[in-house]
Amino acid sequence: MVAGQWVEGLKGSGVCSLLSGLKRALALTDIDTLLIVLGSKPQEEKHTLVEFLRGRSSRIHVHWVAHLCDSRTREMLSELASEMGAHYHSYSQSRGSDHYSVEDTEIDTVGAELSQAEETISELDLLQSGNISDKVLHILIQLNIACCKFEDESPLCSTEDNPLPVTSREWLEKQSLEASGLNIYHVLAPNAYRQVKTAVTHSPDNLSIVSSVVYDEMMPQFTWHDGTLKYLHVDVHLLENYQVQVEAHISQLRQRLNWLTSGSRVPFGVIAEKSVLVVVELSAATLPFASHLQNCLCLLLLEQVARTEEFNIMRIGDESCSWRPSLTQKSPQSLSDAWVWLLSQSPSGSAASLVPALETALNHGREIGVYLILSSLPREKTETICSFLQEKTSTQQRVNVVFYRHRPRTENHAVAGMSFEEGYYANEQELTHRLQKIATAGHGRFHSFKGPDIVSSDDIEALVKELQKAQDHLRMAENILSDYRSFCKRFVPPPISPSPTLPPSDPPPLYPRPTTAFLCRLNAASRMIRRSASDSHLSRRQHRQRQNNRRTKTCGFYLDKNLEKGFSPERWAPFGAPVRKKPQKAESESTPEWLMKYGLESLGLKFSKFEVSKSHALSHRKTHRHINKNGEIVELYADHQALKKFTQRLMQARESYSQKLREIGKGWRNALGCVSESKVLFLVDISSSMAIGFKDLQAALADFLQNKPHSLKFFNLVAYSSCVKQWQETLAPVHDETMTSAAEWLSQLRPEGSSCLLHALKLSLESGVKNIYLITDGTADHTHNFLLSQVPQLRTWYGDHWKIHTVAFHCSLESSFSFLRDLAHGTGGRYHSYPWGDPDDPSTKLLQNRYLGDDVLKLVQETSSAEDQLYKASQYL
């Protein structure tokens, strides 16, 4: 308050002596900031003020403010602040206007950072569109070269972070099972023996063949690689150590597979040579995906070409031209120039001429790797190209072929002079076969890429074969150990319990040996005994009642109550198993598990138990009915009361099946089916084809999150369209907070884009989840046959202990129904179909009835079987 009053009492007078004011201010020792506000130019010169402040203002922060000053004063104060490294602020008014302007060093600093950020964002946009500037590309290449130099200086090791840049064939020559000495036949050879047979001569005329006798369980038989049988001496320690080594080898193979399916190796494969010539087809076939091809080529330059020693780039199409007349040493500038040259090339022409380009590349006679990136069949015949390569190439010159295409062409991408039927998509299998021939003739490798995925690759196929072989050898070792351990368990002696020491006693007396007459009299006496002395006073009726009571007590441990989980039987019944009553509380289990407890077979409700064939009929045949069953006379072994009770139990079972069907048709089970596992991942399709019923799907999933089954312990949600979105990176535990968060995340999803189903499945399996519920309408970026063919490869990469349960949600095509059902059954999962559409439409109803879900179909079949049993029983009542 006092300082404010003092400031208000100040009045302007005299000249501005800034130096004297600074002397008095700097004499104070308790300040850390000095604010200097000037309204006019000080009388001292600038250099005088700088010399005075230099060395004295290092301990404090000086803030210069020019308040309504002229331009000369503002310029002087700005120079003072910049020379002293202080903060400057200016507040001035333009002449003839009411507007005020502000200048501040902090505002300028923030503005410079903002403009630099905007420039970076714009250059990133250009990078995504393929129009990256030379400066940014130059920086990226320099960074990549520096990383490559650092990796080259470090020791090479075959790991996922830095795999050797070699082909899979060369890599397997040093890392395969044979090279590592992990072939199971080599490991078992010292302990494997064949059955010996030899000839024994008793006399010159008597020659017999004698073979060795082997105890098969102690030395189990093993089929050798040549088909012969050998007996093994099982060394448990040796086989356990072998299993550890093979599992480490399998892990190493999977790491290299992951490396081969990442980065620029996905569209183009591995570049393994030091001198490289990249031949790119830029014809009309590449026009629909030219921008995507440019992005992939940029990634190829940054990741793989940057590792080579010398390189060159050539384009083929309507005309062939190269970036440089010969191979050029790799450098950041050369890579940048090559990229700029690629951007200047545009696709044109109908077909590419390949032989002139190969002749130019192979005339040097030096070691080189040629990579042909093709999207259509060359202009020359395949036989002509193969014969040329066989004549020109050697073991040091390799011609590798990359079949590149991004997505199928549509009519919007039609090119003049080329029809859709006659393009390279007309017969893709034949085109792939021809390009494989070219790669084989050139001593190279073949790589096929389509869309975001690899279709085929020689490098990957070699690793997959090695991985399958390693898994087979590991399975053989496990089978040998499991058989041997099961045999050892059968011969473990029981534990000997210490028995108390008994006092010595006299030896038993010796009786004379019984004669034949004595044994006859003893047998005759035993036949005369009819009943025990305790039952002699009971009548025949009382004796039968006592036996019935004893028989009833044997089932006394059952409870006649509705248990929370389980069943309660009736009292003893002469036919069938006890009646199981379905619990009142809904059980979270699938229909096959439920029918294992409450099916007709489990409950003993089969009418065939009353039918006895005539050869096995009982003695009282006059009291039984005779029926003709399939030409055979059988007897019906049941009275009226037993058949009536059997019918009542069948009606109860049929009602329980109907009730189970009603439970499946309510709430979220109607849309998703039965969810019985404790750890579940929901893979939801949010592509544009799901827009019609997406609100129904959101409501069903929200109902599931609110009324979850009590068996669910961990869960996760993954949505996919053109890209994959995860709610959580791993499975989350079930509680109120996670359920609320999942419901909020689910409500924000919107259907759009295409459907990358294969990529979403791979990402889901990488998390290690065992039960995946796939909710989709069956549309995908790949064909259904291709997706089904990838299941064995997924099992090779991610193991065998996972299932995919499919939910056909708003499907309208029969092929989609069939694909989802085959996918579920092929992975050991269950298939469920969500009923939708007009129920009065006969075509929709027929299609949905043909592809009923597994849970509903099994219940319908069990209900139909119960109806048949009731019909048979009603004929004899």
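The values are calculated or read from the model by the stated rules, or taken from the named source; none is laboratory data. Just so it is clear, the structure is predicted and the values come from calculations on it, not from any experiment. Backbone-built Cβ (ideal geometry, glycine too); neighbour counts: all protein chains shown.
Touching a Pro at 6+ places or on another chain (Cβ under 8 Å), within 27 Å of residue 108 (Cβ to Cβ) and of a type in the set (A, V, I, L, M, F, W, C): which single residue out of 69, 16 fits that description? First the steps, then the outcome.
Working: 69 fails: touching a Pro at 6+ places or on another chain (Cβ under 8 Å).
The unique qualifying residue is 16.
Selection of the range 227-244 for residues being surrounded by fewer than 17 Cβ atoms within 10 Å (Cβ to Cβ) and in a helix (DSSP H, G or I) yields 236, 237, 238, 240, 241, 243, 244. The listed residues are 20, 71, 13, and the only one of them that is over 25 Å from residue 93 (Cβ atoms), surrounded by fewer than 13 Cβ atoms within 10 Å (Cβ to Cβ) and without any contact (Cβ under 8 Å) to a residue 40 or more places away in the chain turns out to be 20.
Checking 788, 746, 757 one by one, the residue that is touching a strand residue (DSSP E or B) at 6+ places or on another chain (Cβ under 9 Å), under 26 Å from residue 258 (Cβ atoms) and touching a residue at least 12 places away in the same chain (Cβ under 8 Å) is 757 and no other. Among the residues here, residue 726 does not qualify as out of contact with any helix residue (DSSP H, G or I) (no Cβ under 7 Å at 6 or more places or on another chain) and either β-branched (Val, Ile, Thr) or closer than 16 Å to residue 694 by Cα (or both).
Hand me the list of strands (runs of 3 or more DSSP E) wholly inside the range 640-758 holding 1 or more residues that are more than 27 Å from residue 784 (Cβ to Cβ).
Values: elements: 679-685, 714-720, 724-726.
Ranges flagged: 679-685, 714-720.
Only residues that are among the basic types (Lys, Arg) and under 14 Å from residue 438 (Cα atoms): list them for the range 357-381, please.
Start the filter on the range 357-381 by keeping residues that are among the basic types (Lys, Arg), which leaves 366, 379, 381.
Once the filter is applied, which keeps residues that are among the basic types (Lys, Arg) and under 14 Å from residue 438 (Cα atoms), the range 357-381 yields 379, 381.
Let's see how each residue does on (1) surrounded by 17 or more Cβ atoms within 10 Å (Cβ to Cβ); (2) under 18 Å from residue 429 (Cα atoms):
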residue: 367; (1), (2): no, no
residue: 372; (1), (2): yes, no
residue: 376; (1), (2): yes, yes
residue: 387; (1), (2): no, no
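Scanning the range 234-272 for residues that are over 15 Å from residue 188 (Cα atoms) and without any contact (Cβ under 8 Å) to a residue 40 or more places away in the chain turns up 244, 248, 251, 262, 265.
Taken over the range 317-360, the criterion of being modelled with pLDDT of 80 or more and among the aliphatic types (A, V, I, L, M) is satisfied by 327, 335, 338, 340, 342, 343, 354, 355, 357, 358.
So which of 465, 437, 450 is under 22 Å from residue 252 (Cα atoms), charged (D, E, K, R) and surrounded by fewer than 21 Cβ atoms within 10 Å (Cβ to Cβ)? It would help to see each step written out before you state the result.
Numbers: 437 fails: under 22 Å from residue 252 (Cα atoms); 450 fails: under 22 Å from residue 252 (Cα atoms).
Selected residue: 465, the only one of 465, 437, 450 that is under 22 Å from residue 252 (Cα atoms), charged (D, E, K, R) and surrounded by fewer than 21 Cβ atoms within 10 Å (Cβ to Cβ).
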